[in-house]
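The values are calculated or read from the model by the stated rules, or taken from the named source; none is laboratory data. Here the structure is a predicted model, which means the values were calculated and not measured. Positions of Cβ are generated from backbone atoms using ideal geometry, with glycine treated the same way; all protein chains shown enter the neighbour counts. These accessible areas exclude ligands, DNA and RNA; they are computed on the full protein's heavy atoms, side chains included. Shrake-Rupley method; radii C 1.70, N 1.55, O 1.52, S 1.80 Å.
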Amino acid sequence: MQIKTMATYAANGETPEILFWVGCAGSFDQRAQKITKAFATILEKTGVQFAILGKEESCTGDPARRAGNEFIFQMMAQNNIQLLNMYGVKKIVTACPHCFNILKNEYPALGGNYEVIHHTTFLQSLIDEGKIRMKEGGAFKGKKITYHDSCYLGRGNNIYEAPRKVLETLDAELVEMKRCRSKGLCCGAGGAQMFKEEEKGTTRINIERGREAVDTGASVIASNCPFCMTMLTDGVKETGKEDEVKVLDIAELIALHLE
Amino acid sequence: MRILQELLFIIAFGTAVYLFSTKVRQIRRNILLGRDEDLNDHPDLRWKNVLLLAFGQKKMFRNPLVAVLHFFVYAGFIIINLEILEIILDGILGKHRLFVPVLGGLYPILISAFEVLAVLVVLGCAIFLVRRNILKLRRFMSRDLNGWPRSDANYILITEIVLMLLFLTMNAADQQMQLRGSEHYIATGNFLVSGSLASIFNSMPDGTLIAIERTCWWLHILGILAFLNYLPYSKHLHIILAFPNAYYARLEPMGEMENMPAVQREVQLMLQPELAANEPAPEGMPKFGAKDVFDLSWKNLLDAYSCTECGRCSAACPANITGKALSPRKIMMDTRDRAEAVGRNINENGAFKDDGKTLLRDHITEEELRACTTCNACVQECPVSISPLDIIVQLRRHLVMEESSAPAEWTGMFSNIENNMAPWKFSMDDRDKWAEEMNQ
Ligand code: SF4
Ligand code: SF4
């Protein structure tokens, strides 16, 4: 497999169909790298022509902005926009709802206008176009899957159905947690919480959510966000069920079942 | 005697209206202490929000049972204003049931409808009292509400019940007098609820009945005038402010955070210093984020005055659920308290005199602000289009940019982003290691 960068394309005087915005977690976090690889595999197999920015990609500035550090955010954003505009990027797909939200909603005010798509929506369109076909049977046949709505995809951008539609193509039963869709409970990572200890409380947010997910009796918790992934994995660990209940990104689930 | 009553009524009514409008002007002034924000784009979408969120109570229906009860109380409030209009005109002109000749056969139908609503209001309020005081729902028990806010809610519910009972008793006595063919009590036809209650008064002499009817009339209207003047001091102000607040509600996707053009410009000049040549020198030091109500926008302050203290936000807040100090409802109540305190200060001193206090720290602590995950659950739940998150973010911006106050881990994260272009301390060169691994 040959994953090319925007720079390579540009050197050949070409532009790819889409830019795959990997994000910091997807680039550096060992667990999230697997999501990145799974999604790249799907793109490759379905013949989508894509590129990454590679070493040229920087943090979008999301955690800085949410923590209140607008200066750092602006520095990152303005640099990124310069780069994206230089490459003439039109369409961006990302597997991180925080990158998705900020690129889609907050970069336009700074002169960065792109069509930004979250990977779950993109997967749904590939399925709709018949480009993704699933294996019969499969590892999750007859098992229960529950889906965790990330705040930045769900409430933040009103995307509730696309990820569920993608999951429906699997041979599994989709069960909902008590708090789902617009009433979903945060995993505890957003707003730059990922990068510090939680404030004092009676419990941690990811433990509360992990428990709720495990209580559905599902053997897979499907996530759409690398941060939710970390938080929920820890949350499940707290319940002592990490052997029975796996947290997997929707891209990983699809990659596993690809024909 | 007649004239005296009219005079008394006009004095009472005039005083009530005067006091109310004075307080309303003060609240308007307090709200406008906030900084400017232009929220007049897309009037079509905004009116749609007024219809759906304020009139239609769309968000309330996330909890259908409560929504129905609340709808009774609310419809009762809106519609009963017609009936109050008649009472006020009667009071000023010394007439009785002024609208009977105008409305004719429609009149008893209308009043009957009001009466049915009145019964539903009594029922709704009674159930709300039970939920608050006997069932003790968690969101009504939290410490945000200790003291005045909890009594406030109960006073309102009790007052509404009393007002409705006065209205029904008044009509029942009136109906009995009509049955007796009293000349002053114009025949209106049967009222649905009070008509069936009229027989209770069968054995009473005319004089007593008239006294009951008049007393109820006076208590009812005086009660309403008193209630009107209680509103601005109470969370019940939302029955008015929910409407403008829905009009000025945010139209952007919830995930979108407001841009800061001042910082944008500054960073732009840093990255492209050649632009600075044509740049006029900035006037004074710009302020970043919010420390006090003056730094918030007027919409934030309108939000604070519109908050019904229902606690739906806090009940959905992941930080609150897991026992952190943060409660979005408290953020709104604190903001209103501070705006009121500033308002009192202005009333006393003519202009605001520094009182050594600020919204940040004297009302809202850093610990509360730090606990927010920006998940938007509070914004999603609020039935009156309030964003506690917007205030939280502005206060955080002040902490970080004006005071450099951030937890050590965040400071580390900031410098990682600045130096390594990622919130973690990884080498930039490793950013595409995963791709290299796949390319092998
Ligand atoms: S955005 Fe913040 S305050 Fe609002 S519900 Fe989420 S964590 Fe709580
Ligand atoms: S902010 Fe909204 S949801 Fe929260 S207490 Fe006030 S009115 Fe209720």
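Worth pointing out:
- Test: residue in the stretch A:69-78 that is more than 15 Å from A:LEU153 (Cβ to Cβ), surrounded by fewer than 24 Cβ atoms within 10 Å (Cβ to Cβ) and more than 10 Å from chain B (Cβ to nearest Cβ): no
- Check on A:LEU123, at negative phi, in contact (Cβ under 8 Å) with a residue 24 or more places away in the chain, facing chain B (nearest Cβ under 8 Å) and crowded, with 23+ Cβ neighbours inside 10 Å: no
- Filtering B:VAL50, B:VAL100 for residues that are under 19 Å from B:LEU241 (Cβ atoms) and surrounded by 14 or more Cβ atoms within 10 Å (Cβ to Cβ) leaves a single hit, B:VAL50.
- Matching option when the condition is more than 11 Å from chain A (Cβ to nearest Cβ), modelled with pLDDT of 95 or more and more than 15 Å from ligand 2 (Cβ to nearest atom), among B:ASP292, B:ASP303: B:ASP292
- Residue pairs meeting the criteria (Cβ under 8 Å; at least 6 apart or on separate chains; first among the acidic types (Asp, Glu), in the stretch B:23-39; second part of a helix (DSSP H, G or I)): B:ASP36/B:TRP298; B:GLU37/B:TRP298; B:GLU37/B:LYS299
So that you can scan it fast, the table gives a plain yes or no per residue for (1) open to solvent by 70 Å² or more (accessible area, probe 1.4 Å); (2) over 30 Å from B:ALA341 (Cα atoms); (3) of a type in the set (A, V, I, L, M):
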position: B:GLN5; (1), (2), (3): no, yes, no
position: B:LEU19; (1), (2), (3): yes, no, yes
position: B:ASN40; (1), (2), (3): yes, no, no
position: B:PRO64; (1), (2), (3): yes, yes, no
position: B:ALA67; (1), (2), (3): no, yes, yes
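- Inside the stretch A:45-59, residues that are open to solvent by less than 10 Å² (accessible area, probe 1.4 Å) and β-branched (Val, Ile, Thr) make up a count of 1.
- Residue pairs meeting the criteria (Cβ under 7 Å; at least 6 apart or on separate chains; first within 15 Å of B:VAL162 (Cα to Cα), in the stretch B:123-134; second in a helix (DSSP H, G or I) and among the aromatic types (Phe, Trp, Tyr)): B:GLY124/B:PHE72
- Conditions (1) open to solvent by less than 60 Å² (accessible area, probe 1.4 Å); (2) more than 19 Å from B:ASN81 (Cα to Cα); (3) hydrophobic (A, V, I, L, M, F, W, C); number of the one not met by B:CYS125: (2)
- Considering only residues in the stretch B:358-367 that are open to solvent by 20 Å² or more (accessible area, probe 1.4 Å) and not polar (S, T, N, Q), the one that is farthest from ligand 1 (Cβ to nearest atom) turns out to be B:ASP362.
- Failed criterion for B:ARG361 (all others in (1) without any contact (Cβ under 8 Å) to a residue 24 or more places away in the chain; (2) closer than 16 Å to A:GLY190 by Cα; (3) in a helix (DSSP H, G or I) hold): (2)
- Within the stretch B:399-432, the set of residues being surrounded by fewer than 15 Cβ atoms within 10 Å (Cβ to Cβ) and of a type in the set (Lys, Arg) comprises just one member, B:LYS425.
- Filtered residues of the stretch B:285-295 (kept if out of contact with any Ser or Thr (no Cβ under 7 Å at 6 or more places or on another chain) and either of a type outside the set (Asp, Glu) or within 30 Å of A:GLY210 (Cβ to Cβ) (or both)): B:MET285, B:PRO286, B:LYS287, B:PHE288, B:GLY289, B:ALA290, B:PHE294
Matching residues to (1) closer than 30 Å to B:ALA304 by Cα; (2) at the interface with chain A (Cβ under 7 Å from one of its Cβ atoms); (3) assigned to a loop (DSSP other than H, G, I, E, B); (4) touching a residue at least 40 places away in the same chain (Cβ under 8 Å):
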position: B:VAL400; (1), (2), (3), (4): yes, yes, no, yes
position: B:GLY412; (1), (2), (3), (4): no, no, no, no
position: B:ASN416; (1), (2), (3), (4): no, no, no, no
position: B:ASN419; (1), (2), (3), (4): no, no, no, no
position: B:ALA435; (1), (2), (3), (4): no, yes, no, no
position: B:MET438; (1), (2), (3), (4): no, yes, no, no
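- Options A:ALA213, A:ALA189: the member that is more than 19 Å from B:ALA315 (Cβ to Cβ) and within 12 Å of ligand 1 (Cβ to nearest atom): A:ALA189
- Single unsatisfied condition, A:ILE42 versus (1) farther than 24 Å from A:ALA222 by Cβ; (2) open to solvent by less than 10 Å² (accessible area, probe 1.4 Å); (3) more than 9 Å from chain B (Cβ to nearest Cβ): (1)
- Only one of the listed residues (B:ASP390, B:ASP355, B:ASP337) is out of contact with any His (no Cβ under 8 Å at 6 or more places or on another chain), within 16 Å of ligand 2 (Cβ to nearest atom) and either part of a loop (DSSP other than H, G, I, E, B) or open to solvent by 20 Å² or more (accessible area, probe 1.4 Å) (or both). That residue is B:ASP390.
- Residues satisfying the stated conditions in the stretch B:364-387, i.e. more than 20 Å from A:GLY184 (Cα to Cα) and either at the interface with chain A (Cβ under 7 Å from one of its Cβ atoms) or part of a helix (DSSP H, G or I) (or both): B:GLU366, B:GLU367, B:GLU368, B:LEU369, B:ARG370
- Helices (runs of 4 or more DSSP H) within the stretch A:47-153 that include 3 or more residues over 21 Å from the mean Cα position of the chain (by Cα) and at pLDDT 95 or above: A:70-86
- Among the residues making up the stretch B:368-414, those that are under 22 Å from A:LEU153 (Cα atoms) and more than 13 Å from ligand 1 (Cβ to nearest atom) are B:PRO383, B:SER385.
- Wholly within the stretch B:199-291, helices (runs of 4 or more DSSP H) carrying at least 1 residues that are charged (D, E, K, R) and surrounded by 19 or more Cβ atoms within 10 Å (Cβ to Cβ): B:206-230
- Matching residues, the stretch A:24-36, being in contact (Cβ under 8 Å) with a residue 40 or more places away in the chain and either out of contact with any strand residue (DSSP E or B) (no Cβ under 6 Å at 6 or more places or on another chain) or at the interface with chain B (Cβ under 9 Å from one of its Cβ atoms) (or both): A:ALA25, A:GLY26, A:ASP29, A:ARG31, A:ALA32, A:LYS34, A:THR36
- The set of residues in the stretch B:370-383 that are surrounded by fewer than 24 Cβ atoms within 10 Å (Cβ to Cβ) and hydrophobic (A, V, I, L, M, F, W, C) contains only B:VAL379.
- If the condition is being more than 8 Å from chain B (Cβ to nearest Cβ) and surrounded by 21 or more Cβ atoms within 10 Å (Cβ to Cβ), then the stretch A:1-15 contributes only A:MET6.
- Total residues in the stretch B:312-324 satisfying the condition of being open to solvent by less than 30 Å² (accessible area, probe 1.4 Å) and part of a loop (DSSP other than H, G, I, E, B): the figure is 3.
- Criterion applied to B:PRO328, B:PRO253 was being touching a Leu at 6+ places or on another chain (Cβ under 8 Å), within 16 Å of ligand 1 (Cβ to nearest atom) and not acidic (Asp, Glu), and the one residue passing it is B:PRO328.
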